[in-house]
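Single-structure report; data block below.
Read-outs: derived from the displayed coordinates by stated rules, not from any lab. In this text, all values refer to a predicted model and were calculated from it rather than measured experimentally. Positions of Cβ are backbone-derived with ideal geometry, glycine not excepted, and every protein chain shown enters the neighbour counts.
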């Protein structure tokens with residue numbers, strides 16, 4: 001194994017892969033959200049955004065391939081870490097009593113990750129791989145169903161929890177820590193997660209409760 | 001003042017023997033007793049009754065050697081912050097409390113007997129590079145190598161680690177990153193540590209990976225459990241040191 005293989009195979013190497021892919025996915029989520037804010041400006045603006053996005057053709061394809069690779073790396077290495085970590089603690093304590101280092105986000109990383117993976121499959125199947133109707137009609141009709149809307153809200157909660165730990169954790173894994181900025185990085189990570197989750201959640205909430213949504 | 005406690009203690013005759021909790025009534029205990037003195041009293045009673053005493057590790061009794069340690073009600077070294085088990089006193093408990101006492105648990109820490117665990121995996125990490133190579137001879141003049149006071153303080157904060165293993169015990173993943181981070185940091189911060197800095201980061205991290213410890217999940221349980229409050233900034237520094245050594249040095 002060469003030096004690169006040895007590095008990436010080490011514990012810190014795997015955490016670095018998780019951090020870099022995680023931050024890339026975070027950037028994608030932010031870009032996706034930025035595009036989707038066109039929904040708040042009505043059906044015409046949203047359809048125009050979708051058209052402009054699809055006009056990118058080759059660039060969009062390349063982006064999708066990049067995302068696929070990043071996703072696969074994040075999932076594979078994440079699963080590997082999950083299994084290794086379980087093996088490293090074969091017997092749990094009779095009493096578990098966190099000394100308050102853990103957060104809801106940090107404790108549930110593998111599970112919120114799995115939840116997001118399931119959501120991703122459903123989300124791609126219902127939008128990217130489905131072209132029986134224009135995108136705005138698809139979105140309105142699917143999200144107006146209470147079951148689908150609720151599922152989206154649950155998935156967004158998982159996203160928020162995952163990001164609330166993941167953003168800061170990525171920086172820590174990359175060694176970014178400084179007495180002057182630590183507090184800012186930690187609260188910043190949580191703040192960004194709350195902001196992203198809230199803004200995303202407005203879409204299913206509007207679809208569920210506002211009859212004029214994308215009308 | 002005296003209190004009565006119910007003690008549920010993990011009893012395991014040997015490394016491969018099955019273990020189980022046994023329950024003991026403490027009888028009246030002075031709140032001035034230390035946790036380990038309480039175990040001594042229990043052991044005296046068990047010995048007189050012809051039973052096997054509870055095996056536990058201890059040495060200095062001052063919280064500076066890192067020998068003692070057990071998990072009390074889910075917390076390594078018990079519920080009081082910045083305190084080793086030997087410095088934990090019964091005044092922190094109430095009459096009628098039940099204490100569940102378990103050994104430090106991690107795959108890298110084999111249970112020898114009852115509450116005694118083999119923490120030599122931590123020594124293996126030190127052996128891989130937690131030292132400086134210097135030619136011995138007469139002691140050098142104290143100020144030959146200038147070290148700024150804040151730097152010396154930072155290195156000392158890392159060097160406070162007593163290697164008790166509470167970080168590994170507290171980590172949900174059984175990782176030894178806080179320990180390794182502190183040991184790499186205390187030398188990386190000082191001029192004396194520079195010549196071996198790169199090699200040290202690579203060797204110590206690889207030794208750690210090979211000993212059955214888990215991976216850091218940045219959950220900060222180690223920092224909260226550490227009797228010396230070693231900061232997770234030491235883990236960030238270890239990450240930096242290792243990535244720098246891997247990607248930006250000629251060492252492999």
### Task
Could you work out which residue, out of A:90, A:204, A:110, moves most in a Gaussian network model of chain A, that is, has the largest mean-square fluctuation with Cα springs under 10 Å?
A:90
### D_trans [Stokes-Einstein, Kirkwood Rh over alpha-carbon pairs] for the stretch B:191-252, 37 °C, 0.692 mPa s, µm² s⁻¹
253 µm²/s
### Query
Considering the alpha-carbon set of the stretch B:2-102 alone, what are its Rg and its Dmax in angstrom?
13.1, 38
### Summary
For chain B, one quarter of the surface area of the C-alpha convex hull, expressed in nm², comes to 16.3 nm²
### Message
For peptide B:204-217, what's the mean number of Cβ atoms from other chains within 10 Å of each residue's Cβ?
### Response
5
## Note on the structure
Fraction of alpha-carbon pairs in the stretch B:114-252 farther than 24 Å apart, rounded to whole percent, equals 30 percent
### Message
If I build a Gaussian network model for chain B, linking alpha-carbon pairs within less than 10 angstrom, which residue out of B:179, B:56, B:104 has the largest mean-square fluctuation?
### Response
B:56
### Task
Rank B:118, B:203, B:97 by mean-square fluctuation in a GNM of chain B with C-alpha springs under 10 angstrom and give only the top-ranked residue.
B:97
### Task
Using a 10 Å cut-off on Cβ to Cβ distances, tally the other chain neighbours for every residue of A:31-41 and report the average as a whole number.
0
### Task
In whole angstrom, note down how far apart the Cα centers of the stretch A:153-183 and the stretch B:141-174 are.
26 Å
### Query
Roughly how many whole Å is it from the C-alpha centroid of the stretch B:178-252 to that of the stretch A:3-68?
32 Å
### Query
To the nearest whole number, what is the average tally of beta carbon atoms from other chains within 10 Å of the beta carbons of peptide A:176-182?
3
### Task
Relative to the longest principal axis of the C-alpha atoms of chain B, give the angle of the C-alpha long axis of helix B:233-248, reported between 0 and 90° and rounded to the nearest 10°.
40 degrees
## Note on the structure
Tilt, helix A:11-36 to longest principal axis of chain A (alpha-carbon atoms), in degrees rounded to tens, equals 20 degrees
### Query
Between rounded, prolate and oblate, where does the stretch B:135-176 land on the alpha carbon gyration tensor, with a ≥ b ≥ c its root eigenvalues, rounded for a/c under 1.5, else prolate if a/b exceeds b/c?
prolate
### Message
For a test of the definition: using alpha carbon positions, the gyration tensor, and the 1.5 limit on a/c, classify the stretch B:103-171 as rounded, prolate or oblate.
### Response
prolate
### Task
Provide B:5, A:4 in ascending order of the number of other Cβ atoms located within 10 Å of each residue's Cβ, fewest first.
A:4, B:5
### Paired Rg and Dmax values of the protein assembly as shown, which use every Cα atom, in angstrom
26.8, 87
### Message
Against the 2.2 N^0.38 Å scaling, with N counting residues, where does chain A land? I'd like the Cα-based Rg ratio to two decimal places.
### Response
1.15
### Task
Report, in deg cm²/dmol and to the nearest 500, the calculated mean residue ellipticity at 222 nm for chain A, where each DSSP H run with n ≥ 4 adds -39500 (n - 2.57) and the sum is divided by the residue count.
-25500 deg cm²/dmol
